[in-house]
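*Asks:* My questions will all concern the structure given below.
Each value in this text was obtained by applying a stated rule to the coordinates, not by laboratory testing. Computed from a predicted model, the values in this text were never measured in an experiment. Don't worry about glycine lacking a Cβ; one is built from the backbone with ideal geometry, like all the others, and counts go over all protein chains shown.
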Amino acid sequence: MEGVLEFLGNISWWMWLILVVVIVAIRDIFFNKKHIITRNFPVVGHFRYMLESIGPELRQYIVANNREELPFNRIERGWIYASAKNENNYEGFGTDRDINQSHYIFINNAMMPYKVEENHPNAKDPYFLACAKVMGAGRRARPYRPSSIINVSAMSFGSLSAKAVESLNRGCAKAYAYHNTGEGGLSPYHKKGGDVVFHFGTGYFGVRTEDGGFSMPKMKKLVDENPQVRAIEVKLSQGAKPGKGGVLPGSKITKEIAEIRGVEVGKDVLSPPNHKAFSNVPELVDFVESIAHETGLPVGIKAAIGKLDAWRELAKIMATTGKGPDFITIDGGEGGTGAAPPSFADHVALPWVYGFSDIYKIFKEYQLTERVVFIGSGKLGFPAKAAMAFAMGVDCINVAREAMLAVGCIQAKVCHNNTCPSGVATQNKWLQRGIDIPDKAERTHYYFKNFKKELLEITRACGYEHPCQLTMDDVDINLGDKNLTQTLADVYGYNKVAVPFKGAATLMACPDLGGNYNKAQVAEEIDMKDVRY
């Protein structure tokens, strides 16, 4: 035995290397039946797979140019990172965009920009930019005006890490924004100071009966025990995979997630494509009304857009009965944070700009645009794109991936593998340890703050006080040639209905945001008795 050990001890490192290579080669040639390349090219074939595994990183950091990557290119990510760090987010030497490309956006500035007087509310707080409309105004016991026009979109705890969710919520509190829970239920990490929109889908997580249906008693209890919940959103579909359900593997269901979602530890949970609580448009309207009646909160719906017959039916019912959702979130078919088969992410549902314009025209036809708060969701987390969205008729925008970037996401595109290297979209405790919550909360705050600042500057360059005043004629779209460049109104075939707006002073009624305005007076001005700001 001692002789064997002595022999092994005398083997040099290169002989060990040769031995390992020979063993790998034997394994590849005689035992590997799964990979053709390594079987035909033993040993060296492994380098091919190694390079392939880091291909996205090589392209992202070395090969692709600044404007090439998708879904967010290097310039877009850089702007978010700089804004979130409150650093210089300008660029010099002119644009490097191809301004002649199809669908390029041109914003028509005014000869004389809007002038902010010394006594203007935004002179005191230049980053306060509330929604011009109120969810459930005159209809619900506890209507709600979002205090920010940019907010965090639906992303569940479970999809995102606990530290990422808490960072976003604390950042929302600093930025006056609301935080949409996503369909994973209301977690402790959503309760760190920010307003909350409680969102649920076909799995009814957090308000779920034992057989997987919807529980109104649990909904009432959740709202009563959590005053930060200001509105409720029913997900009909999402841009990543509209009309497709999902399975939450039991291996991902920890004790904490099980308690929050109302499911069993370690047992697979199905989210079906369809809701159990309703199966047609009239039943959907009744469902929305029942939740609003029991909770007093505004209730809205979220969907990606495809066929329009059911939307026309919804608008007709709302116009004739006075019932229905208080807000509608339109999601883009481009996909988002949710993992999905490429066939769905690439092809199912309309891109945001087409889907929103179709829905807005229907609700305009039925004279419902003043009553409904429209929320846009689909890569709108950049000031110029947001300006276009407001010109088309949105009242707020929700951001998901942009918010993830603000707290440290590097667009690794492995959200669905639980291996997110930044700790944002993983339940791996080791990877999460890199997130410093106070720092990332501050970055969320600064991203929202600088976003609103820049959007306000664009708005004033067009001669307006608030983005809600932007019109379809304020934005042109390049259709491939200067002579074909047209306004949004010409391209999409409608003009936005003017939003009732009486000045920024009417939006700053919350004392804890620095406003010195009379709440009762503001409530009277917008014909409401109990406005919760």
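*Asks:* Along Cα→Cβ, 7 Å out, is where each label goes; now give me the distance between the ones at Asn86 and Arg312 in nm to one decimal.
*Replies:* That separation, rounded to one decimal, is 5.2 nm.
*Asks:* Further question: Against the longest principal axis of the chain, how steep is helix 281-295, in degrees 0 to 90 to the nearest 10, with axes from Cα atoms?
*Replies:* So the inclination is approximately 80 degrees.
*Asks:* Something else about it: So if each residue of separation counts as 0.36 nm, and I subtract the Cα-Cα distance between Ile29 and His120, what length gain in nm does that give? If you can, show how the numbers build up before the last one.
*Replies:* Working: separation 91, 0.36 × 91 = 32.76 nm, distance 7.71 nm.
So the chain would gain 25.0 nm between Ile29 and His120.
*Asks:* Relative contact order of the chain, please, whole-number percent, based on alpha carbon pairs below 8 angstrom and at least 6 residues apart. If you can, show how the numbers build up before the last one.
*Replies:* Values: 1014 pairs, mean separation 102.2, N = 533.
Relative contact order of the chain: 19 percent.
*Asks:* Further question: Counting other C-beta atoms within 10 Å, and keeping those with at most 11, which DSSP coil trypsin sites (Lys or Arg not before Pro) do you find in segment 172-274?
*Replies:* Working: sites: Lys174, Lys191, Lys192, Arg208, Lys218, Lys220, Lys221, Arg230, Lys235, Lys244, Lys252, Lys255, Arg261, Lys267; in loops: Lys191, Lys192, Lys244, Lys267.
Counting only loop positions with at most 11 other Cβ atoms within 10 Å, the trypsin sites (Lys or Arg not before Pro) in segment 172-274 are Lys267.
*Asks:* Let me ask something else. Where does the Debye-calculated log10 I(q)/I(0) of the chain sit at q = 0.05, 0.13 Å⁻¹, using only Cα point scatterers of equal weight, no solvent?
*Replies:* Each listed q maps to, in turn, -0.23, -1.36.
*Asks:* Just to confirm the number: angle between the C-alpha axis of helix 383-392 and the first principal axis of the chain, 0 to 90 degrees, nearest 10?
*Replies:* With rounding to tens, the tilt is 50 degrees.
*Asks:* Check the straight Cα-Cα distances from Lys267 and name the lysines below 16 Å, setting aside those fewer than 8 residues away within the same chain.
*Replies:* Within the straight-line cut-off, Lys267 pairs with Lys252, Lys255.
*Asks:* What aspartates and glutamates could a cross-link reach from Lys496, if we take a straight Cα to Cα line under 14 Å and drop same-chain neighbours fewer than 8 places away?
*Replies:* The qualifying aspartates and glutamates are Asp358, Glu365, Glu370, Asp395, Asp473, Asp474.
*Asks:* Let me ask something additional. Which whole-number percent gives the relative contact order of segment 347-491, counting Cα pairs below 8 Å spaced six or more residues apart?
*Replies:* Working: 166 pairs, mean separation 28.4, N = 145.
RCO, segment 347-491: 20 percent.
*Asks:* Amide H neighbours of Val475 under 5 Å, at least 5 residues apart or on other chains, H built in the peptide plane: list them.
*Replies:* Hits under the 5 Å cutoff: Asn108, Leu488.
*Asks:* Further question on the same structure: Roughly what % of DSSP beta bridges within segment 126-460 run antiparallel, to the nearest 5?
*Replies:* On the way: 5 of 36 bridges.
Just about 15 percent of them are antiparallel.
*Asks:* Can you compute the FRET efficiency between His46 and Leu70 using 1/(1 + (r/R0)^6), with r the Cβ-Cβ distance and R0 = 35 Å? Round to the nearest 0.05. Intermediate values should be presented prior to the final figure.
*Replies:* Working: r = 30 Å, r/R0 = 0.84.
The value I calculate is 0.75.
*Asks:* Out of residues 5 or more away from Met135 or on other chains, whose amide H comes under 5 Å of its own, with H placed 1.01 Å from N in the peptide plane?
*Replies:* Residues meeting the amide H criterion: Tyr144, Arg145.
*Asks:* In nm, to one decimal, how far is the Lys361 label point from the Asn428 one, both placed 7 Å along Cα→Cβ?
*Replies:* Taking the two extended label points, one gets 4.7 nm.
*Asks:* Next up: Taking a spot 7 Å from the Cα of Gln486 along the direction of its beta carbon, which residues of segment 453-478 have an amide N less than 16 Å from it?
*Replies:* Those under the cut-off are 472-478.
*Asks:* Just to be sure I understand the model, the point goes 7 Å from the Cα along the line to the Cβ. What's the resulting Met15 to Ala498 distance in nm?
*Replies:* 9.2
*Asks:* Taking amide H positions as placed in the peptide plane 1.01 Å from N, state which residues far from Lys496 in sequence (5 or more) or on other chains have amide H under 5 Å from it.
*Replies:* Hits under the 5 Å cutoff: Met472.
*Asks:* Okay, helix-only estimate at 222 nm for the chain: each DSSP H run of n ≥ 4 adds -39500 (n - 2.57), divide by all residues, round to 500 deg cm²/dmol; what do you get?
*Replies:* Working: 20 runs with 192 residues, N = 533.
Rounded to the nearest 500, the figure is -10500 deg cm²/dmol.
*Asks:* Let me ask something else about it. Ranking Thr329, Thr202 by Cβ neighbours within 10 Å, fewest first, what do you get?
*Replies:* Working: Thr329 30, Thr202 22.
Taking fewest neighbouring Cβ atoms as first place, the list is Thr202, Thr329.
*Asks:* Order of Phe72, Phe200 from fewest to most other C-beta atoms within 10 Å?
*Replies:* Numbers: Phe72 19, Phe200 26.
Exposure proxy ranking, most exposed first: Phe72, Phe200.
*Asks:* For Trp311, what is the net charge nearby, where nearby means another residue's Cβ is under 15 Å from its Cβ and Lys, Arg count +1, Asp, Glu -1? Please report the intermediate quantities before stating the final value.
*Replies:* Working: positive: Lys302, Lys307, Arg312, Lys316, Lys361, Lys364; negative: Asp309, Glu313, Asp331, Asp358, Glu365.
That sum, taken over residues with Cβ under 15 Å, equals +1.
*Asks:* For each pair in Lys244/Lys361; Lys174/Lys502; Lys440/Lys502; Lys323/Lys502, compute the distance between the two Cα atoms and list the pairs where it is over 32 Å.
*Replies:* Values: Lys244/Lys361 27 Å; Lys174/Lys502 26 Å; Lys440/Lys502 36 Å; Lys323/Lys502 27 Å.
Where the Cα-Cα span goes over 32 Å, the pairs concerned are Lys440/Lys502.
*Asks:* Pairs of Cα atoms under 8 Å, at least six residues apart: use those to get the relative contact order of segment 206-342, whole percent.
*Replies:* Working: 193 pairs, mean separation 41.8, N = 137.
With pairs under 8 Å counted, the relative contact order is 31 percent.
*Asks:* Related question: Let me check I've understood the local charge: for Pro217, count other residues with C-beta under 11 angstrom from its C-beta, Lys and Arg +1, Asp and Glu -1. What total comes out? Kindly include the intermediate steps, with their values, before the conclusion.
*Replies:* Details: positive: Lys218, Lys220, Lys221; negative: Asp224, Glu294.
Counting the neighbours of Pro217, the net charge comes to +1.
*Asks:* If I fit a long axis through the Cα atoms of helix 216-225 and take the longest principal axis of the Cα atoms of the chain, what angle between them do I get, 0 to 90°, rounded to 10?
*Replies:* With both axes taken from Cα atoms, the answer is about 80 degrees.
*Asks:* Please work out the FRET efficiency for the pair Ala319 and Asp286, using the Cβ-Cβ distance as r and a Förster radius of 22 Å; give the result to the nearest 0.05.
*Replies:* Numbers: r = 16 Å, r/R0 = 0.74.
The computed FRET efficiency comes out at 0.85.
*Asks:* Continuing with the same structure: Using a 10 Å cut-off around each Cβ, can you sort Met318, Met111 from fewest to most neighbouring Cβ atoms?
*Replies:* Values: Met318 20, Met111 5.
Final ranking by Cβ density, sparse to dense: Met111, Met318.
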